[in-house]
Structure formats: structure tokens, C-alpha cells
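The structure appears below as C-alpha cells.
Each reported figure results from applying straightforward, stated rules to the coordinates on display, with no laboratory input. Because the structure is a prediction, the values reported are computed rather than measured. Quick reminder, even Gly has a Cβ in these numbers, built from the backbone with ideal geometry, and neighbours come from all protein chains shown.
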Amino acid sequence: MKSTARDAAGHHEDEDALRDGAVPGDGPEEVADAAQSDDRQRSGIAGWPISAAVHALVALVFAYVVFAAHKQEEELAPMQVTVIDAPPKKDPPKDQREIMDKVPLDIATRVDEAVAPVPTFDVKPEEVAQTDDNTDAAAARGREEAVSTSEQGSSGAFAAIGAGSGAAGLHGLRTGGGHHRALNAGGGNRASESAVDAALRWFKKHQSANGMWDAEKYPTNCTENPKCEPGSLTAAGASDASIALTGYAVLCFLGSGYDHKTPSKFKATVQKALDYLRSVQKPDGLLGVRNYEHAVGTYALSDAYGMTFDPDLKAPAQRAVNLLISRQAKDTGKDADKAYSGLGWDYEAANPARNDSSVSGWCVMALKSALGAGLQVGTSMEGSKKWLERSWKAANKDWAKLTDPYSAMSSFPYTWDATSDVVQIDPPGSPMHDMAPVGALCAVFLGHHAGNVMLESLCNHIAKYQMPTKYPCNTYYLYYDTAAMFQAGGERWKRWNSTVRDMLVSAQRGGDDCFNGSWDPQGTVFHGSEVGRVLSTAYCCLCLEVYYRQAIVGHEPVAK
């Protein structure tokens, strides 16, 4: 029994050993080795899933990176690189003022004198690098009605129709893109712009230290030789001549878009000139002595104020306007409306018996500029309209028969006596007192427009009797004639412009001396031409600025 029990126990131990992976009959050491081997086998079996999981995770990460990069690559817009050739070098400017679209003219020129070139008008010649004074950071801000460059229309009471399409302010075409569009539309070209720039440089070189232009001593301000000839003061008093010449020069700078606030190469020149005019103005507003010079100075102050809205100019300009209105003649007739009794102007005091058209013309232009600048002009423009119409009717007794604007011709008197209706007028074509150009331009500023019989008949007279064929000519007539014909427009203007533009460009003095940029005064005929080169240069320069200096006047109401 005991043997059987031991056998049974040994049998159970063998089964346990077999169950535990041991070989029956092995000793304890063999059993321990077997256990360690079994542990290693179990550990290796468990590592395979972990390794597989890690590799799978790494594979997923790489797959995501590749996919994301590929997707981003697909979403990026394609980039194309184009090689741009360098622009061709421009030929150096020719040392002459080239005339475009020439017409045959018998013009006395100086072909031996080269003319300093200026850049083409694709870029406005307001180069900041060449400024006299750039202390003002912002551009000048003028009255909106006067300087607006809008081409989509405007609602201001004084808005004027632009030379292109749409509407612009009275002075809005002088600067920016409007300047060049108006130049092209009106018939100007690079040669005419070059001539204007040369004239302005001539003015700058001959300005006195106090800001004025001196009729007699202006050549001493220039450092170049030979010198220009001195002018004469026999036509007017010294102070009056200086004021008028300074006013003319300022109008030339302003007409081309150069004021005293906007940084430019002529800014300091204009500032000094305006300072001079303010310095010589009397407490009551008078500039000089006579209405002639006072009106020119008033015109310059009003224009400068209208372009810049400079508060320092408002009071001087308004005082000058007030003085001008106080000297306007009054209608003393028994049926005259006292509220609107103004007429024209004489040389000094109001005199209804002598309404001088030459003086009155500058007064009307000064008041028109003041009106556009927002200054107070009272009923003076209504009075001016009465002077214009009554003078014209007195000079053309059969005015009622002038019905065809294409063929009718009329004249305008040098003086008109409102008390007797008597006029003084020279025959058509006279170099002195045939004042059709003054009447025509005043007609434009006082509400008569293309198609109106008064304006058209006066322009027909101008085209027949005052069309210049060569220089020198009557530059006083030329200034008024050119401005009036431009405002009337049409084929008549195209014929006028092609002749006058090229004539003036060819007649301008060139070279490297004191004369360069000016026009000779000899032979310019009109009373006052003996004042000299400053005056003849001003009139010719203003003629070449006609394309943008003033927009075509529209149907704005006259202030009441």
C-alpha cells in the first residue's frame, strides 16, 4: 500500500512537471532553465504587436505629411515668371522747340538761336526736386467751384463746362490730368508747352528782389548776357506799371497751374510777387492809381485766392474787389434801377459819360475771377452786363438785323457815353480802337455762349479783320482775341489756333542769353507796347495757356 501511494505521488509530480513544460525525470536546475526560456518566449510574442503598432503609426504619420504636402502643392496658384525687357532709352531732347502740324506762315524768326528743351508733357513739370520752397507738405486747397477737376459734373453755382467732357471748375484744368487733357483737346502740343515753360523761366530770372517786375530795370536781375533792353514808363506812372506787370506775370504762373502753396519750381517766385502786391496795396484796397492797373492786380489776387483758398489773401483780394466796385459807373437815367445801376469803368473815378472798354474788360475779368473764388461782388456783374449790351447796341445801330450767327458781323466801341449814347470807335482792322475782342471776351464772361448772335458776330469780325499772319502783331488784341475764339470754339477756333500757336512758338526768343523765353515788344503796335518786353511776353504766354487756363464758361447764373 505504501508503495502504491508513493507511485501515485510520483505520478502526480510527473504530470505537474509535464504541465509546467519540464521533462519528467529532470532535476531542479533543468526546471529553472525551462522556466526562464518560457518567460523569454512569452515576452517575444507580446513585442510583435507593439512593434507592429509603432511601425503602423509611423507609416501613418509619413503618409499624412506626404498627403498634406501634396494637397498644399495642388492648392497653390501656379506661378509664372516673365522676363521683361528693359525699356528702350529715349533719345536726348532736341535743342529746339519743335512745331507740330505746321501751317505755312510768313514769320520772322531767329533760327540761329537754340532753345532750351523741357520734358514732354506726359509728366507735369511740377518737379519737387527743383522746388524753390517745399515747406508746405500738403497741396493747396482752393475753392471747390474754382479748382475742381471733376469730370462727372458739379453742382456749384459757379461750375463751368470743361474743355473735355463733363464739368470742371473755372480753374480746374490748370493742374493734374485735366491740364494735359485740356491741352490735347484744345489744340496745344509739346512745342506750345515748351514755350510756356521757357516764358515762366524767363519771368523768374527777371523778377526783382522785392517780388515785382520792373519795366525799366528788369534786365539787371538776370545774370546772363547779352542783356534785354529796358522798357519804358512813358505809358504810365512807375508804380502803376510795376503793379500791372507783376499782376500779368502772376497770372501767367497761375494760368499754368503754379501757385504759392503747392510745392513747385516756381512756388517762391509766385509767393514773392503776391507779397509785393499786398505790400503796395493801400488801406482802401487800391493797387496803384488807375483802374487799369488796379484791375490787373485784383485779377491776380483773386485768381491766387481761388486756386489756394489762402486765408492771407482773402482780405486783400476782397478789399481790391470792393474798391473796383466803388469805381463802377452808375446809370443816372430816370428809368434806371438803382439796385442794378452799374455800368462800365473809366480810368479812375466813376464816370457814366466815359465807359472805357479797355479798362472795363480787365475789370470784368477780375470780377469774374473773384466770383469764382467766392468773394463778394454784389450786383457789379449785372451792371457789367448792361454796359456790354448798351455799348454794343450803340456801336451797331442795326443790331436787330443781326440774326445769322454764321455770317453776321458787329463791332465794339472804344468808349461809350451812357448819357448821350455816343461811341468812339475806329474802322475795322484799326490797331488801336477796334475793340471787338474785348466785347467778345466780356460777352462770354457775362452769359453769352456759342451760338449767341452778339458773340458770334464779334468773333466773325475778329476772324476777318484781326487774324494775325506774322509776328510782331498787336499782342493786346491777340490776348483778347485768342481767349474769345477759344471760348466760341468750332472750326473757326481750329483755324485760329493752328496759326497763332505756331506763330508764337516760332517767334519766341531762344538761345542761352537774357532774351531766352521772351517775345520781342518791337512792332506790337498797341498803346502801351512801349512798356516793353515784360508786357509782350506776358500777353504771348497767356495766349499759349488758353487751352487750360480757363474752362469753357458754362451757363452759371450771375450773382445778384
Expressed in nanometres to one decimal, the distance between label points 7 Å along Cα→Cβ at Ala450 and Gln424 is 3.7
Whole-Hz Karplus couplings 3J(HN,Hα) for region 347-359, θ = phi - 60° and coefficients 6.51, -1.76, 1.60, Gly and Pro as x, run 5, 9, 5, 4, 8, x, 7, 9, 9, 8, 5, 5, 5
Relative contact order as a percentage, region 128-549, C-alpha pairs under 8 Å and 6+ apart, gives 19
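Taking the convex hull of the alpha carbon atoms in region 378-514, what volume per residue do you get, in Å³?
Cα-based convex hull of region 378-514, divided per residue, equals 136 Å³.
At 0.36 nm per residue, and after removing the present C-alpha to C-alpha distance, how many nm does the segment from Gln522 to Ala353 gain when stretched out fully? Walk me through the numbers before you get to the answer.
Values: separation 169, 0.36 × 169 = 60.84 nm, distance 3.42 nm.
Length difference between fully extended and current span is 57.4 nm.
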Taking placed amide H atoms and a strict 5 Å upper bound, the residues 5 or more places from Glu348 or on another chain that come that close are Asn291
Amide H proximity to Ile425 below 5 Å, modelled H, separation 5+ or other chain, gives Tyr414
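Can you put His527, His180 in order of Cβ neighbours within 10 angstrom, beginning with the fewest? Write down the numbers at each step before the final one.
Details: His527 11, His180 18.
Ordered by Cβ neighbours within 10 Å, fewest first: His527, His180.
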Whole-Hz Karplus couplings 3J(HN,Hα) for region 391-400, θ = phi - 60° and coefficients 6.51, -1.76, 1.60, Gly and Pro as x, run 5, 5, 5, 5, 7, 10, 4, 9, 4, 5
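Arranged by the count of other C-beta atoms within 10 angstrom, fewest first, what order do Ser529, Ser357 take?
Details: Ser529 22, Ser357 28.
Arranged by neighbour count, lowest to highest, Ser529, Ser357 become Ser529, Ser357.
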Listed with the fewest Cβ neighbours within 10 Å leading, His461, His433, His294 appear as His433, His461, His294
Karplus-derived 3J(HN,Hα) from phi for region 324-332 (6.51 cos²θ - 1.76 cosθ + 1.60, θ = phi - 60°), whole Hz, x at Gly and Pro, runs 4, 5, 5, 9, 6, 5, 10, 6, 9
Packing-ranked peptide list from 345-354, 269-278, highest mean Cβ count within 10 angstrom first, is 269-278, 345-354
Under the 7 Å Cα-to-Cβ spin-label approximation, Asp312 and Lys227 lie apart by a distance in nanometres of 3.2
Residues whose built amide H sits under 5 Å from the amide H of Gly511, excluding neighbours closer than 5 in sequence, are Ala114, Val115, Ala116
For region 181-325, the Cα convex hull volume per residue in Å³ comes to 130
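Whole number please: convex hull volume per residue, Cα atoms of region 128-549, in Å³. Display every interim value, and only then the final one.
Working: hull volume 56.3 nm³, N = 422.
It comes to 133 Å³ per residue, whole-number rounded.
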